[in-house]
Amino acid sequence: MLVTRERSFTALHSENFGRIYRYIAYRISDTDRAEELAGDVFRIAWEKDLPEEPGIGWLIAAARNVVANEYKGATASSFCGKACRSGRGSQRRPMTMKATPWQASSRS
């Protein structure tokens with residue numbers, strides 16, 4: 001059973017890796033990273049252990065999610081910037097809410 005699953009998955013990978021890679025590489029500028037992310041898509045497909053072999057639509061959706069996670073990680077690291085690298089990123093002041101005009105007038 002595992003042998004047939006492995007063969008089926010190998011065929012799925014051979015048929016679709018190029019398309020998934022191109023989908024990801026078009027959206028990010030790093031070709032090496034695109035290859036890693038395409039591999040992640042197939043790792044996710046393998047780990048899901050789906051009852052049926054995933055089709056190209058499922059793989060593209062997974063690739064879209066992997067690319068979105070990549071953007072989120074890049075955005076978070078660039079947003080955090082120097083404060084996070086120096087260890088001060090978690091030392092933020094607590095947020096305080098200001099009173100709205102009607103709340104301020106009711107306190108008087």
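Couplings for the range 17-29, taken from phi via the Karplus curve 6.51 cos²θ - 1.76 cosθ + 1.60 with θ = phi - 60°, read 4, x, 5, 5, 4, 5, 4, 6, 4, 5, 9, 10, 8 Hz in order; Gly and Pro are left as x. By the gyration tensor of its Cα atoms, with a ≥ b ≥ c the square roots of the eigenvalues, what is the shape of the range 2-83: rounded for a/c under 1.5, prolate for a/b over b/c, or oblate? Prolate is the answer for the range 2-83, as a/c is 1.5 or above and a/b outweighs b/c.
Across the options TYR23, LEU59, ALA74, the greatest Cα extent toward the positive end of the charge dipole of the range 2-83 (unit charges at beta carbon of Lys, Arg, Asp, Glu) belongs to ALA74. Taking the fewest neighbouring Cβ atoms within 10 Å as the starting point, the ordered list for ILE44, ILE24 is ILE44, ILE24. What FRET efficiency do you get for GLU15 and ALA61 if R0 is 25 Å and r is their Cβ-Cβ distance, rounded to the nearest 0.05? Approximately 0.90, to the nearest 0.05. Treating r as the C-beta distance of THR31 and ALA68 and R0 as 22 Å, the FRET efficiency rounds to 0.70. Counted by Cβ distance under 13 Å from ILE60, the other residues give a net charge of +4, where Lys and Arg count +1 and Asp and Glu count -1.
Any read-out appearing in this document is the output of simple, stated calculations on the displayed coordinates, not a laboratory observation. Computed from a predicted structure; not experimentally measured. Positions of Cβ are generated from backbone atoms using ideal geometry, with glycine treated the same way; all protein chains shown enter the neighbour counts.
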